[in-house]
1. Hull surface divided by four, with the convex hull built on the Cα atoms of segment 53-145: how many nm²?
2. Can you give the accessible area of R124 in Å² (nearest 10), computed on protein heavy atoms with a 1.4 Å probe?
3. Hey, can you find the accessible area per residue of the chain for me, probe 1.4 Å, expressed in square angstrom?
4. Under 30 Å between C-alpha atoms is the cut-off here; go through segment 37-186 and count lysine pairs that meet it, provided they're at least eight residues apart or on different chains.
5. Please list, by residue number, every one of the chymotrypsin sites (Phe, Trp or Tyr not before Pro) in segment 125-211 that is coil in DSSP and has at most 11 other beta-carbon atoms within 10 Å.
6. With r defined as the distance between the Cβ atoms of R20 and I255 and R0 fixed at 51 Å, what FRET efficiency is calculated, to the nearest 0.05?
7. Would you kindly state how much longer the chain becomes between V57 and I29 on full extension, computed as 0.36 nm times their sequence separation minus their alpha carbon distance, in nm to one decimal?
8. Just grab the label-to-label distance for L167 and D238, each label 7 Å out from Cα along the Cβ direction, in nm (one decimal).
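The values are calculated or read from the model by the stated rules, or taken from the named source; none is laboratory data. Just so it is clear, the model here is predicted, and its values are computed rather than measured. Every residue, glycine as well, gets a Cβ built from its backbone with ideal geometry; the counts of neighbours run over all protein chains shown. Surface accessibility is based on the protein's heavy atoms, side chains included, excluding ligands, DNA and RNA. Shrake-Rupley method; radii C 1.70, N 1.55, O 1.52, S 1.80 Å.
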Amino acid sequence: MCAQMQEKSCKPAERANEGRQWTQVLGVIVIAIGCMSVGFMWSWSSPFSMVLSQDKVNYDITEADTANFLIFQPLGMIFTSFFFFKLSEYLGTKKSIWILAIPHLISWIIVLFAVSKWDFYASRFMAGMGDTIFFCAGPPYIGEITTPKVRGYCGFIPVMATFFGSLLITVLGSYVDIKTTSYICMVPSLLFIGLMSFLPETPHQLIKDGKLEQAKSSLKWLLRKPDIEEDFLSLKADVEQQLADGGTFRNLVTISNNR
């Protein structure tokens, strides 16, 4: 009977030390809002290319001009890829993904005042820059703030949000004009900026920067555990091992997990 009482008394402590997962899920949902903005950008040309080519009152744009919309967004992605990977190392994981909203907001603002094809080309180029920022910084941030279990059952959320954004922009294009759509699509970007301010930098990044106490605070916020010392020491050892080993393109094929 005493053994049973001891077992029962231990269970609450064990559950408390297992931590909670809702803060990690919250972080994934916030990133998913940014993904929805990426979905907007991906599919914007689909409903609005014909609208622009047919509206000769507000725009002097031909159907051939709108076909180039599909070119300038990938050009923006390629251009940003050449330097953003270095910039992300300097800024850190959180700040890198935080600035995703900036080129997207600029893209929508250009659309609000656009009259020529070059205005829309610039908007598409900025959209591509924002997309690259997400692809470079989004997956690492999610990977560094979540445990394998959370990544397992929440990994679909960012992808679902991206396709939901594509669906929503297509629906909006059927019922709402271009400028009104731009105002609506700016809302998720502004919401993303606001919510990201409440999320911590990743413990992984803070350890790399030598900010160990901040890393502990971040880990405690994410895991919601009273005692995170064991988790912290394990993570610190992993990060130090990664920094010591470095990384090369050769690792992509020589390490089985990477293959």
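1. Working: hull surface 24.9 nm².
For the Cα atoms of segment 53-145, the hull's average projected area reads 6.2 nm².
2. Approximately 0 Å² of R124 is accessible to the 1.4 Å probe.
3. Details: 14490 Å² over 259 residues.
On a per-residue basis, 56 Å².
4. On the way: K56/K117; K56/K179; K86/K94; K86/K95; K94/K149; K95/K149; K95/K179; K117/K179.
Qualifying lysine pairs in segment 37-186: 8.
5. Taking segment 125-211 and a limit of 11 other Cβ atoms within 10 Å, the loop chymotrypsin sites (Phe, Trp or Tyr not before Pro) found are F198.
6. So, using R0 = 51 Å, E works out to roughly 0.95.
7. Working: separation 28, 0.36 × 28 = 10.08 nm, distance 4.10 nm.
Once the chain is fully extended between V57 and I29, it gains 6.0 nm.
8. Roughly 3.3 nm, to one decimal.
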